[in-house]
1. Would you look at the GNM of chain B, springs on alpha carbons closer than 10 Å, and say which of B:Leu89, B:Leu227, B:Leu187 moves the most?
2. DSSP beta bridges in chain A, what fraction antiparallel, as a percent rounded to 5?
3. If you build the convex hull over the alpha carbons only and average its shadow over all orientations, what do you get for segment B:2-71? Give it in nm² to one decimal.
4. Which entries in A:Lys93/A:Lys213; A:Lys192/B:Lys274; A:Lys278/A:Lys407; A:Lys77/A:Lys131 show an alpha-carbon gap greater than 21 Å?
5. Taking a ≥ b ≥ c as the square roots of the Cα gyration tensor eigenvalues, with a/c under 1.5 meaning rounded and otherwise prolate when a/b beats b/c, else oblate, which class fits segment B:154-209?
6. Per residue, how big is the convex hull around the C-alpha atoms of the protein assembly as shown? Give it to me in cubic angstrom, could you?
7. According to a simple spin-label model (label point 7 Å from Cα along Cα-to-Cβ), what is the distance in nm between B:Phe4 and B:Leu120?
8. Give the calculated FRET efficiency between B:Gln11 and B:Ala224 to the nearest 0.05, with a Förster radius of 45 Å applied to their Cβ-Cβ distance.
Amino acid sequence: MNSVKTRLAASAVFLLMGAFSLSAADLKIGVKSEPSSLDPQFHVLVPNVQVTFAMFDPLVMMDPKLVPQPALAESWKPTSDTVWEFTLRKDAKFSDGSPLTADDVVFTFDRIPKVPNSPTAFTLFTRQIAKVEAADAHAVRITTKQPYPLLVTDIANLPILSKAAASGPAPEGKTTVEFNRGEGLVGTGPFKFVSWQKGADLVLERNPNYWGKPAAWDKVIYRPMTNPAARAAALLSGDIDMMEDPPTTDLEQFKTNPKLSVAEAPGTRIVYIALDQKGEPSPGIPGQGNKNPLMDKRVREALSLSIDRKAIAERVMGGVAVATGDLLPEPMFGAVKARQAAPAVDTAKAKALLAEAGYPNGFQITLGTPNGRYVNDARIAQTIAAMWTRAGVKAEVAAAAPPVFFKSRDNFEYSAYLAAWGNSTGEISTTLRSLVGTREPSKGSGTSNGGRYSNPDLDALLDKASATMDDKARKELLQKADEMVLSDYGIIPVHFEVPVWALRKGLSYAARADQYTLPQDVTSAK
Amino acid sequence: MPVFIINRLFQALGVILVMSVLVFVGLYLIGDPTSMLVSPEATEIERQALRKALGLDQSIWLQYLTFLGNAAQGDFGRSFLTGQPALQLIIERMPATVELVIVAMTFSVVGVPLGILAGLRPKAPSSKAIMTGSILGFSLPNFWIGLMLIMLFAVYLGVLPASARGETVNVGPVAFSILTIDGWQHLALPALTLGLAKAALMIRVTRAATREVLPMDYIKFARAKGLRPSRILNVHLLKNILIPIITVAGLEFGQAIAFAVVTESVFSWPGMGKLLIDSIITLDRPVVVAYLIMMVFFLVILNLVVDILYMAIDPSAREKVRD
Amino acid sequence: MSTPTTVLPTTTVEESPFRRFVVQFRENKLAMAGLILMILLAIPAFGAPWIAPQNPYDIGALDILDSQMPPGSVAEVSGITHWLGTDSQARDVLSAVLYGMRTSLLVAFLSVTVSLLIGSTVGLCAAYFGGWLDALLMRIVDIQLSFPAILVALVMLSVLGQGLDKVIIALIIVQWAYFARTVRGTALVERNREYVLAARCLSLGWRRIIARHLLPNCLPPLIVIATIDLANAIALEATLSFLGVGVPVTQPSLGMLIANGFEFMLSGQYWISFFPGIALALAIVGINLVGDHLRDILNPRNAL
């Protein structure tokens, strides 16, 4: 409509701006949310981690497709079932010019459990680690509590600090508050800290002492803009060079706009429906007496069959979702190739299955969903409820603010609920363990299994896989486990969210599956 | 006089106590803030550790008493979400809100001449149009006006940005956006939205005051003396209607700060009102409580100042103001 | 706060006060327009289940392929003509507006009625009994009224949680104080009149005096406030729902519909927000035009 006119006008301005911005190699990024802290070990949260990784390097870095690549460690190998040795790069220097040594690595691991008040602590990635020690000046030995094949992926989440810069009188050394003021922010990464004003710009500049290929940008500016429409407007007017998450409603126009380019990554965040399979009468299914229809596999299959995943991906998600029948995209570890394509919608078969299971007239069900936690969450739930209703299962949506939703979910108040799961390891074991492993929160199993699906065979397979160090054998075990859950309809996958960025023409971004926006991966075509 | 002030402050304390109990118990029952913070992969032990770190493992009454004890020493707790002191978060966002409200209130002064006009000739069609317009500005929801302005200026004409705060310039530790052109462009629509409702109110106050003053003897006398109408207007009328107008403007300043919650949400203005809404939705209790306490004190003190000023000007007005 | 003037209908018992009122009301064209507007909006809103082209709550009838269609288009799946377009859930915007209006009016009407009852009871008791009860009640009213309504409502809803019933409760808590204060003001004046004093001398029961003598005299200002408050309640509910703390997404009021369409507006799909917005504005303006004129007729103290 008129916005086209607006866009044209904006594009003209944009061209003019472009002429000026060529000289200075600055990169302005409109980010969804600013970091909650600059302390690299305070909060496991995308806005924090992506800023950290511009200034700090981990020992092992995940590439955009979540495959581990050497970073500060040039090589690593397990020396026994529980001991790993990491050889550090000798040419790596911190931004203050001092060289990286094994002491810095040991200091980094020491500090993690000491950081107070962390909303999500980095201990998440160190809980399998028993000991970290310096083997020599450039080698680090890590001992795990038990055979643990995922150590390398865990380590990829831990940026290495400088012992000299991050030490201090407090037990943890430099405190979170000091980091927020910019103190102790000395890393080995491609950029270094310049300034941060809460609620406004965070500025970094090129680190002259960087060990890798020097970054393409003199300066990087992260500007927090929560409103997607505001980010879009800023990109169109040339205020920023790059934005996270363009609004799904605008994406079509963005893709055809000659002044812009769009970067998409394979998504690893699976949006799914969990079904209550505890065995007791289910709270959201009235009028069935002591029976829970969801205990019947045919009913679960019918619910899955009646969802038109392609229509949701196209219409509700504006194309930034990949409809699927699996829990992890295919090239990743443990995904099943045959399950990747979305199952075709078949309402007639769904009805037949329901009748066969003894519900020719269907039943009523409440579908819970958070409102505002995942991309278009409540809208997807309403659409699925409509699809279920057409197949004969009269569904009603209960949408709640996220903290209210999670409380209800943890109290098992939903018979069915929509949620999403982001996999950061590139391996399906964590997904299966959390979503469909038998609920044993003390062991970290079934932590997000609000449907209380429980399958001893599956648990056994997962246990076996987690102790199998051989990659090929582990992969087979995991694929078998994945197939086991999916063919039992223990959980219903809907689609993968696709992380999207929009950039001005001439820039390209190696879009990352983990949704991080890393300025070092933005390149200019010239 | 001092008794009166102390009385008011005690009242404020009472309100704060009642409200903080309400918010504490309410937010406690309604949901679990940690579920948003903790990683979904976290084990029960890690969840417990977080609850303990935030003090949420204790009984709600113990939590409340701890809060009261700390609050008495000026510590309102840390945001669950960011770990920063709640008060600091609010103070960081305050300049944006105050800036928006001051510009909006300044704009609302256009209501004064319109109100005088409507008061001088109450039967004229122009006056009726002004009054009908003021009903609209006064009764239409603020967010609706904002929406229409966005539609017109940002979507249809494409001349002004629809949201966010523009470029800021630091003066000391405080960032102002009224010092840059970009800042003004971003400020225009939200300030207009907030200002329109206040202008409508100004019209009504001014008109009422004008109509009250007009039949007074000194106006009649001035007329009889043959003074020029413009002089009567500027000297005799304006001087006398100014007191109620300033009173209302003062009180409305407080209301506008509270109402900025809505305007800020529509325009994604990064002020403290937006912070309140976000905190309510994420159940970030320390921030909600700290905001409310600050707001109560601010409103009580504002009322107090207005009352005292009023009494200083017009001792007989005491009852009138309290009404 | 001066003595009531002769406009109060009580002084002219002979020529049916109601008749006089009707005549006076009809003199003002704007107010009549407002009244007609109110009726024109209320009838289809309450008749929505029978006249709306589609039941937007019947999610089985919605097909996602029909979503986000511009006004006037014909649905591919259902074949309905959507005169005002469809929203992101394929709901017919016209039907959603009618149902949303119904929700908005219902919430406003219920909350105003209950707060009127509570407020006038409190106000009458305070005025009649006076003393410490009066002081206490009016102190509470004063304190509450010194806080912006939006803030009180936000606090209540953040504490109560979401839902239609919760919104109504929050609105009642916000509004009762206005009624209490107005009723007390009027009743105080009446209480010191000769006929009430006489009734008290005859030691008639306090219930009787309140119901027969005080209440009827408080009715005119009550009607004015209730009318204007109806508009305020609609506006406040819409605001709360727009902010995301009001009615649930599955039971949209006008405010919620506007919020749902807000993010589509910047990409040119104006109709999802625009039409509910127009309906909301018309309802509020209509009620206010009527209320404003009622105040002129019934209430001589038209200061603000």
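Nothing in this text is a laboratory measurement; each read-out follows from the coordinates by a stated rule. Because the structure is a prediction, the values reported are computed rather than measured. Glycine gets a Cβ as well: all are built from the backbone with ideal geometry, and neighbour counts include every protein chain shown.
1. Residue with maximal mean-square fluctuation among B:Leu89, B:Leu227, B:Leu187: B:Leu227.
2. Once the DSSP bridges in chain A are tallied, antiparallel ones form about 75 percent.
3. 5.7 nm²
4. In this structure, A:Lys192/B:Lys274 lie more than 21 Å apart at Cα.
5. oblate
6. 197 Å³
7. According to this spin-label approximation, the distance is 3.5 nm.
8. 0.40
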